[in-house]
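Taking it in order: structure first as structure tokens, then the write-up.
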């Protein structure tokens, strides 16, 4: 969800639920793990800054903070503080519909067990403006 108050004052909030079915191959030879799924959930919010606009496209940068939950199914699970940095580009098609051409994000989980975890990813999609 993106909220635009003014040109330079924007907030982005995201919730992501990633599910991986471990019964489909990773632990094929150990049936005691067959019913357990690995999953990761992210809940982040923070400022979003428009960097450059041209034609109907808007390039933006974002810095988000929040927490993430991970369950590996092997008795290791927890909730972790998360910082995320990224950016992307939206292309406006109509007054209400935009295409998110890409959105890339680098996350940093500073307290993941005895070390740190740094997942990253990219996505694309369509957005609809409500107001």
Report task. Look through segment 29-59, keep the residues that are modelled with pLDDT of 75 or more and in a loop (DSSP other than H, G, I, E, B), and return whichever of them is nearest to residue 103 (Cα to Cα). Result -> 56
Query - Residue check, residue 78 assigned to a strand (DSSP E or B) and surrounded by 15 or more Cβ atoms within 10 Å (Cβ to Cβ) - result: no
**Report entry** Any chance residue 73 is surrounded by 12 or more Cβ atoms within 10 Å (Cβ to Cβ), in contact with a helix residue (DSSP H, G or I) (Cβ under 9 Å, 6 or more places away or on another chain) and either modelled with pLDDT of 90 or more or farther than 24 Å from residue 9 by Cβ (or both)
**Finding:** yes
Report task. Check 101, 84 and return the single one that is over 15 Å from residue 14 (Cα atoms), within 16 Å of the chain's Cα centre (by Cα) and either in contact (Cβ under 8 Å) with a residue 40 or more places away in the chain or not in a strand (DSSP E or B) (or both). Result -> 101
**Report entry** When residues of segment 16-26 are limited to those that are surrounded by fewer than 16 Cβ atoms within 10 Å (Cβ to Cβ) and touching a helix residue (DSSP H, G or I) at 6+ places or on another chain (Cβ under 9 Å), the one modelled with the lowest pLDDT
**Finding:** 26
Report summary line: (1) loosely packed, with under 13 Cβ neighbours inside 10 Å; (2) more than 19 Å from residue 18 (Cβ to Cβ) all hold for residue 118 apart from (2)
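The values are calculated or read from the model by the stated rules, or taken from the named source; none is laboratory data. A quick note: this is a predicted structure, and the numbers were derived from the prediction, not measured. Quick reminder, even Gly has a Cβ in these numbers, built from the backbone with ideal geometry, and neighbours come from all protein chains shown.
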